[in-house]
Each structure stands twice: as structure tokens, then as C-alpha cells.
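The values are calculated or read from the model by the stated rules, or taken from the named source; none is laboratory data. These numbers were taken from a predicted model, which means no experiment stands behind them. So basically every Cβ, Gly included, is an ideal-geometry build from the backbone, and we count neighbours across all protein chains shown.
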Amino acid sequence: MLGKLNFYLSAVDDILKTKDDNPSIGILLCNEKNKVKAEYALKDINKPIGISEYELIKAIPEDLKANLPTIEEIEQEITEKMKNDDN
């Protein structure tokens, strides 16, 4: 994941950023927090990247929840997409 995020940050900074812009900042949202994994994953990355655990379900108003996919459905779709991208 961090390799892809670093790739996109590099592309944005190379193609879209102007001389007046600061470097892009990557944000990786995770479904669980693991400080040791995060520290080692970011150790040699030279771009500013933040990692945070986020619970989307708490931020969604009750009346909208029924119209949105569940966390499990989103995770399954992301997992399938990642498997297809690796092939």
C-alpha cells in the first residue's frame, strides 16, 4: 500500500504541483492501529505520509447508513480490487 501511495504522491508532485505548492501529503486510513507495523512501513519513505485508524460508521448520519454499503462490503470490494491489481 505504501509503495502505491508513494507512487501517487510522486506523480502528483511531478505532474500537478506548481512551484508555489508545498509537497503533497499522503494519508493512509487503516481499519486497525499497529504502531510497530506503521513505524517499519514508513521508516525509509521520504514523503510526508500519515497513518490513522478511522471508523467511518461513527461519522455517518443514521438516516444515510441504510443507503450505503457496510464496512465488510467495502473491505471485500477493496480486497478483490487489490487481488485484481496484483495480477
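Structure data summary
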| quantity | calculated |
| --- | --- |
| Residue tally, condition charged (D, E, K, R), at pLDDT 75 or above and over 23 Å from Lys33 (Cα atoms), over the range 54-82 | 2 |
| From the options Leu5, Leu9, Leu28, residue that is surrounded by 12 or more Cβ atoms within 10 Å (Cβ to Cβ), in a strand (DSSP E or B) and not assigned by TED's automatic domain parsing to the domain that holds Ile78 | Leu28 |
